[in-house]
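Undergrad: To start, I am sharing the structure in question, which I have written as structure tokens.
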There are 2 protein chains.
Amino acid sequence: MTRALVLFAHGARAASWAAPFERLRDLTQQRMPDVPVSLAFLELMEPRLPAHVQALAEGGVTGLTIVPVFLGQGGHLLRDLPLMVDQLRADHPHLAIEVAGAVGEDPAVLQAMTDYCVRAFGSAG
Amino acid sequence: MTRALVLFAHGARAASWAAPFERLRDLTQQRMPDVPVSLAFLELMEPRLPAHVQALAEGGVTGLTIVPVFLGQGGHLLRDLPLMVDQLRADHPHLAIEVAGAVGEDPAVLQAMTDYCVRAFGSAG
């Protein structure tokens, strides 16, 4: 059984937007060298999640965890992602798909963002 | 001189989306009880940044730091925010406005997100 980790992000027109997501993917990959870690997008950037999961399944992956790299749980996570995951489960019945909570809801991430806000205010003083 | 900290976020249709941003504001406010800490949005949620800055200026604030609570530097931060800030500086020439980098570009935030991704994969196993 090969499990993969997919970081799911929104996507944007500006190519520069992807940079921190690519760093996040690379940092996570370094921490888990034996796990395929990849990025997939909701819109505007490639690969899109459904095509990416299709490729992973064809490549022999039998399970995957999707981590939404979003700050808040808006319509994309409350509605779009569950619909996509339902369709993915229907299309790939032998693929075990888990969906984690949004990165921005994690207390340690919130703490790091708080530290950053405090520092940003202090250094601008 | 009264300086304020404004956390600038995208906004969304789903009210639930704002929750982590409100927690971030509250956590930051706890760390800096003497500084006015507030949230303002680009679109879809109130207050919008220009009206919010206007209100702060009318309330006696003489300087502010804007921290973009965005993961990536896309069109909103590369184009929309600079245009808004240029206009704010023109409208409020006595207000000192600093703009920090995006929260998601901070190495410690990226580290916390990496930790979360690793944990999310492990706990789904």
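FYI, it's all coordinate maths here, none of it is from the lab. Just so you know, these numbers come straight off a predicted model, no measurement behind them. Counting neighbours? That spans all protein chains shown, and the Cβs are built from the backbone with ideal geometry, glycine included.
Undergrad: Expected output is a single nm value to one decimal: the length gained when fully extending between residue A:54 and residue A:108, i.e. 0.36 nm times separation in residues minus the C-alpha distance. What is it?
TA: 16.2 nm
Undergrad: Mind telling me which of A:57, A:14, A:96 comes out most flexible in a GNM of chain A, alpha-carbon contacts under 10 Å?
TA: Maximum among the listed residues: A:14.
Undergrad: Could you work out the relative contact order of the range B:3-124? I mean the mean sequence separation of Cα pairs under 8 Å and 6+ apart, divided by the number of residues, in percent.
TA: 27 percent.
Undergrad: Right, another one. Report, as an integer, the average count of C-beta atoms from other chains found within 10 Å of each Cβ along B:47-56.
TA: Counting Cβ atoms of other protein chains within 10 Å of each residue's Cβ and averaging gives 0.
Undergrad: Please order A:114, B:2 by the number of other Cβ within 10 Å, starting at the fewest.
TA: Working: A:114 22, B:2 13.
Neighbour counts put them in this order, fewest first: B:2, A:114.
Undergrad: In deg cm²/dmol and to the nearest 500, what is the mean residue ellipticity at 222 nm of chain A if only DSSP H runs of at least 4 residues count, each as -39500 (n - 2.57), divided by the residue total?
TA: -13000 deg cm²/dmol
Undergrad: Right, another one. Run the paramagnetic zone check for residue B:15: 7 angstrom along Cα to Cβ, then residues of the range B:46-77 with backbone nitrogen under 15 Å.
TA: The answer is B:46-47.
Undergrad: Testing the spin-label approximation: label points 7 Å from Cα along Cα→Cβ at residue A:96 and residue A:23. State their distance in nm.
TA: Computed distance between label sites residue A:96 and residue A:23 equals 3.4 nm.
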